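Asker: Here it is, the structure in full.
Read-outs: derived from the displayed coordinates by stated rules, not from any lab. Bear in mind that the values here come from a model prediction, so they are computed numbers and not experimental data. Glycine gets a Cβ as well: all are built from the backbone with ideal geometry, and neighbour counts include every protein chain shown.
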Amino acid sequence: MRVVFTLTVFLFYLALALGQTEKPTYDSTLAKSLGADEYGMKSYVFVILKTGSNKTTDRTYTDSCFSGHLKNIKRMVDSGDLIISGPFWKNENSYRGIFILNVKTIEEANRLLQTDPAINANLLEVELYTWYGSAALSEYLKIADKISLIHYYE
């Protein structure tokens, strides 16, 4: 009887473990609509924003440039070109924030970033990298808006 009980418990846990390894159902229509390749991935441009070379102390000027920077972020979000953005805490590398741009090339990213007043004023400088990530990343902002009480880009 003890062997039957032990075997039953073992089979139960084995079935439970095997059931957890099943992959979710692949949705090819969704993958295609998000621009995914056969792995569910796509190319983006990862941008690191750093403190720029312009060391002006003109507060009115810098406030105007950074106000334009936030408006530009909103414009890029609204157009679907920017899918992740956010600031860094103070750090030894002078990194200020990141963008993940929903574009495939560095050239496309540079064209978008030329519209940013803080970058044009050299208050911020950028490092750009092509990056390969989940095509589902573009869905992030739709969910983020539903759970955040802070709206940085209004």
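Asker: Too long at a 22 Å Cα-Cα cut-off: which of K32/K104; K50/K74; K104/K146; K74/K142; K90/K142?
Answerer: K104/K146; K90/K142, as the Cα separations exceed 22 Å there.
Asker: Give me a comma-separated list of calculated 3J(HN,Hα) values for the range 72-82, in order, Karplus coefficients 6.51, -1.76, 1.60 applied at θ = phi - 60°, integers in Hz, x for any Gly or Pro.
Answerer: So the Karplus estimates, Gly and Pro as x, are 5, 4, 4, 4, 5, 5, 4, 7, x, 7, 10 Hz.
Asker: How would you order 113-120, 139-146 from highest to lowest mean count of nearby Cβ atoms within 10 Å?
Answerer: Highest to lowest by the protection proxy: 113-120, 139-146.
Asker: Moving to a separate point now. How high is the relative contact order of the range 43-110, in percent, with contacts defined as C-alpha pairs under 8 Å that are six or more residues apart?
Answerer: Normalised by residue count, the contact order of the range 43-110 is 50 percent.
Asker: K42: which aspartates and glutamates have alpha carbons under 18 Å from its alpha carbon, excluding same-chain residues fewer than 8 sequence positions away?
Answerer: D27, D81, E107, E108, E139
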